[in-house]
Amino acid sequence: MSGFLKSYTSALKKYPKTTNALMTGSLFGLGDAIAQVAFPDQQRKSEGYDIKRTLRSVAYGSLFFSFVGDKWYKFLNNKIRLPHRPINHWSNTVCRVGVDQLGFSPIGVPLYFGIMTILEGRNIDEARTRISDNWWPTLVTNWAVWPAFQLVNFSLVPLSHRLLAVNVVSIFWNTFLSYKNSRATREGDKVLVNYPPAPE
């Protein structure tokens, strides 16, 4: 593990954006792969593994979240602090977690569902519906998982490694998100049928 961290740190210094993009995209893809293998529905079992779905997760992680997440954690560390408190004081850590969970999460959750819906080739109205159906329950689950971890992350993990720490824990979170998004996709694909059949 120490060898991996050394290699990661070295690559991060030389190629920060590329390294973050590759790492974040890979871990989003891994989360989707786990969701497909461990939590398949009956239709997914019959259709087999969906490589396009995994590639969409990789694309979201590498082309969007890696850049947004990196900028966000730097902003939290450099700009969010209470007056007359040292930068690493516990009160600043609590403040950063509060801003992260009340500022970023309510926006990040709908961005995920919206972007993934568009990547599936669907339209804006379908993206709005998926966000409306999934935003609040997913956000509540987010608040049950992330605040405690972020307290540790912001307290003990160096700034340059915080996105990596989030991404590693996000394997489980991404599995959950991918599962939720897949269920929303399946429900969106259901065709309403009039019963009894409407006369032609």
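The values are calculated or read from the model by the stated rules, or taken from the named source; none is laboratory data. Everything numeric in this text was worked out from a predicted model, so none of it was measured. Glycine also receives a Cβ, built like all others from the backbone with ideal geometry; neighbour counts cover every protein chain displayed. Note: accessible area is taken over every heavy atom of the protein model, side chains too, but ligands, DNA and RNA are not part of it. Shrake-Rupley method; radii C 1.70, N 1.55, O 1.52, S 1.80 Å.
When Lys and Arg each count +1 and Asp and Glu each count -1, what net charge do the other residues less than 12 Å away from CYS95, Cβ to Cβ, add up to? Walk me through the numbers on the way to the answer.
On the way: positive: LYS79, ARG81, ARG85, ARG96; negative: ASP100.
My count for the surroundings of CYS95 gives +3.
Compute the orientation-averaged projected area for region 4-76 from the convex hull of its Cα atoms and round it to one decimal in nm².
Here the figure is 5.9 nm², rounded to one decimal.
Largest first, how would PHE67, PHE172, PHE28, PHE39 line up by accessible area (1.4 Å probe)?
Values: PHE67 85, PHE172 155, PHE28 15, PHE39 115 Å².
In descending accessible area the options line up as PHE172, PHE39, PHE67, PHE28.
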Item to complete: Please give the net charge around ILE131, taking every other residue with its beta carbon less than 13 angstrom from that of ILE131, where Lys and Arg add +1 and Asp and Glu add -1.
Response: +1
Item to complete: Could you do me a favour and compute the accessible area per residue for region 31-149, 1.4 Å probe, result in Å²?
Response: 56
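How much FRET efficiency would the formula 1/(1 + (r/R0)^6) give for ASN88 and VAL68, where r is the Cβ-Cβ distance and R0 is 25 Å, rounded to 0.05? Present the calculation step by step, with values, prior to reporting the outcome.
On the way: r = 24 Å, r/R0 = 0.97.
Using R0 = 25 Å, I get an efficiency of 0.55.
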Worksheet item: Considering only protein heavy atoms, what is the solvent-accessible area of ILE51 at a probe of 1.4 Å, reported in Å² to the nearest 10?
Response: 100
Discussion item. With every protein chain left in place and a probe of 1.4 Å, what is the accessible surface of TYR15, to the nearest 10 Å²?
Written reply: 140
Discussion item. Could you put MET23, MET116 in order of accessible surface area, largest first, with the 1.4 Å probe and the full protein assembly present?
Written reply: MET23, MET116
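I'd like to verify something in the chain: which complete DSSP H helices, judged by Cα projection on the helix axis, reach 27 Å or more and average at least -0.5 on the Kyte-Doolittle scale?
Numbers: long enough: 16-38 (33 Å, 0.52); 124-156 (42 Å, 0.00); 159-189 (42 Å, -0.12).
Long hydrophobic helices here: 16-38, 124-156, 159-189.
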Worksheet item: Of all the C-alpha pairs in the chain, what % are more than 19 Å from each other?
Response: 65
Practice prompt. Would you please give the FRET efficiency between SER105 and LYS14, computed as 1/(1 + (r/R0)^6) with r the Cβ-Cβ distance and R0 = 35 Å, to the nearest 0.05?
Written response: 0.65
Worksheet item: Once both labels are modelled 7 Å past Cα along the beta-carbon direction, what's the PHE4-LEU55 spacing in nm?
Response: 2.6
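State to the nearest 20 debye the size of the charge dipole of the chain about its Cα centre, where the only charges are +1 on K and R beta carbons and -1 on D and E beta carbons. Don't jump to the answer; show the numbers that get you there.
Values: 23 positive and 13 negative charges, 205 e Å.
That gives a dipole near 980 debye.
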Practice prompt. Working with all protein chains in place, sort GLU120, GLU126, GLU47 by solvent-accessible area computed with a 1.4 Å probe, largest first.
Written response: GLU47, GLU126, GLU120
Worksheet item: Can you flag which of LYS52/LYS79; LYS14/LYS180; LYS13/LYS52; LYS79/LYS180; LYS13/LYS71; LYS14/LYS52 are past 27 Å Cα-Cα?
Response: LYS52/LYS79; LYS14/LYS180; LYS13/LYS52; LYS79/LYS180; LYS14/LYS52
Worksheet item: Okay, helix-only estimate at 222 nm for the chain: each DSSP H run of n ≥ 4 adds -39500 (n - 2.57), divide by all residues, round to 500 deg cm²/dmol; what do you get?
Response: -26000 deg cm²/dmol
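According to the square roots a ≥ b ≥ c of the eigenvalues of the Cα gyration tensor, what is the shape class of region 113-162, taking rounded for a/c under 1.5, prolate for a/b larger than b/c otherwise, and oblate for the remainder?
Numbers: a/c = 5.98, a/b = 2.10, b/c = 2.85.
Oblate, since a/c reaches 1.5 and b/c is not below a/b.
On the protein heavy atoms, probe 1.4 angstrom, tell me the percent of accessible surface of the chain carried by carbon and sulfur.
On the way: 7790 of 11810 Å².
About 66 percent, which is the carbon plus sulfur part of the accessible surface.
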